[in-house]
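First up is the structure itself, then whatever we jot down about it.
The values are calculated or read from the model by the stated rules, or taken from the named source; none is laboratory data. Because the structure is a prediction, the values reported are computed rather than measured. Using ideal geometry, Cβ is built from the backbone for each residue, glycine included, and neighbour counts are taken over all protein chains shown. Surface areas here come from the heavy atoms of the whole protein model, side chains and all, with no ligands, DNA or RNA. Shrake-Rupley method; radii C 1.70, N 1.55, O 1.52, S 1.80 Å.
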Amino acid sequence: MENEISLYNCLNDFRKPLLSKIINSLGLPSGSRGLDAGCGIGEITKLLYENIGESGDLTGLDFSKDLIQYAQNKNKKIKFIEGDVKSLPFADNCFDWVWSCDTVWTGPKEFGCPSNNPSPIIGEYFRVVKPGGLIVLLFWTSQKLLPGYPLLESKLNSTSSANAPFTSAMDPIFHVMNMKYWLKKSGLENIKAKTYLYDINAPLSKNDRKALELLFEMLWYAGKTELN
């Protein structure tokens, strides 16, 4: 678990400038009540809390008891609880907003995905948010990690690991790029999609180098065997 938490911290530090930019753009009301669904070690939850201020009420939820305990020990002012995003332990219409980053990935359980079908999860988010409230879903949709090598990167991005957790056995309608469809099916309105960009420039810090190595391994570990 210590190694897993170390990896989370590395990647969170790498993305912190971009995540801060995204959170600041949302205009979350000061003093509002929010839920971070799939909060992990709570580092993004902390950024959300700082954004709404100490008068706000923020809850972080994750299925991992160990990660929740770590998050709670580091952030005493935020409430963290263990729970399942498919069955949220909250009353209807009790949050002003729900934030869910890197969580609603549809795919097999062995890939760490909560479900092959996102509808039950979105339905739960919709249930706990007040009428007119906000649901924010974040996903990695694209990346350019090898500037100057577009052909190599395009080939690497065609491998199975780069397209995980989606597999050929899954229903294409539940692919993340069809999100607008399954969000509408869950009853959401005023659906908007926005792409956020952030550049990483040399010289790279030690943490940035480590984070990029982790991303290379995560995205392209199958590349060597599939492209040979």
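Numbers at a glance
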{"read-out": "Inter-part distance where the range 68-141 and the range 147-165 are each reduced to a Cα centre, Å", "value": "29 Å"}
{"read-out": "Å² of accessible area per residue within the range 110-228, as computed with a 1.4 Å probe and no ligands counted", "value": "69 Å²"}
{"read-out": "With all protein chains modelled, accessible area of GLU217 [1.4 Å, Å²]", "value": "120 Å²"}
{"read-out": "With at most 15 neighbouring Cβ atoms within 10 Å, loop trypsin sites (Lys or Arg not before Pro) (DSSP) excluded, longest segment of the chain", "value": "1-75"}
{"read-out": "Accessible surface of the chain, 1.4 Å probe, proportion on carbon and sulfur as whole %", "value": "53 percent"}
{"read-out": "222 nm mean residue ellipticity, helices alone, for the chain (DSSP H n ≥ 4; -39,500 (n - 2.57); rounded to 500)", "value": "-12000 deg cm²/dmol"}
{"read-out": "Base-10 log of normalised Debye intensity for the range 21-152 (one unit scatterer per alpha-carbon) at q = 0.11, 0.14 Å⁻¹", "value": "-0.41, -0.64"}
{"read-out": "FRET efficiency estimate (nearest 0.05) - Cβ-Cβ, LYS155 to SER25, R0 45 angstrom", "value": "0.85"}
{"read-out": "The chain: most fluctuating residue of PHE90, PHE63, PHE174 per GNM, C-alpha cutoff 10 Å", "value": "PHE90"}
{"read-out": "The chain, dipole about Cα centre (Lys/Arg Cβ +1, Asp/Glu Cβ -1), debye to the nearest 20", "value": "440 debye"}
{"read-out": "Mean Kyte hydropathy of -0.5 or more with a Cα span along the axis of at least 24 Å, helices from DSSP in the chain", "value": "2-26"}
{"read-out": "Listed residues ASP57, ASP92 arranged by accessible area, highest first, probe 1.4 Å", "value": "ASP92, ASP57"}
{"read-out": "Highest-fluctuation residue, LEU204, LEU18, LEU214 considered, GNM on the chain with Cα pairs under 10 Å", "value": "LEU204"}
{"read-out": "Over the chain, relative contact order from alpha-carbon pairs under 8 Å, at least 6 apart, %", "value": "18 percent"}
{"read-out": "Most mobile of GLY31, GLY123, GLY60 in a GNM of the chain (Cα contacts under 10 Å)", "value": "GLY31"}
{"read-out": "Global size of the range 93-228 as Cα Rg and Dmax, reported in angstrom", "value": "17.3, 53"}
{"read-out": "Rounded accessible area of MET1 (nearest 10 Å², 1.4 Å probe)", "value": "90 Å²"}
{"read-out": "Beta bridges per DSSP with both ends in the chain, % antiparallel, nearest 5", "value": "5 percent"}
{"read-out": "Correct choice for Cα extents along the principal axes in Å that was computed from the model, options [x] 62, 51, 31; [y] 53, 40, 32; [z] 113, 51, 27", "value": "[y]"}
{"read-out": "Global form of the range 92-160, assessed from the alpha-carbon gyration tensor, a/c cut-off 1.5", "value": "oblate"}
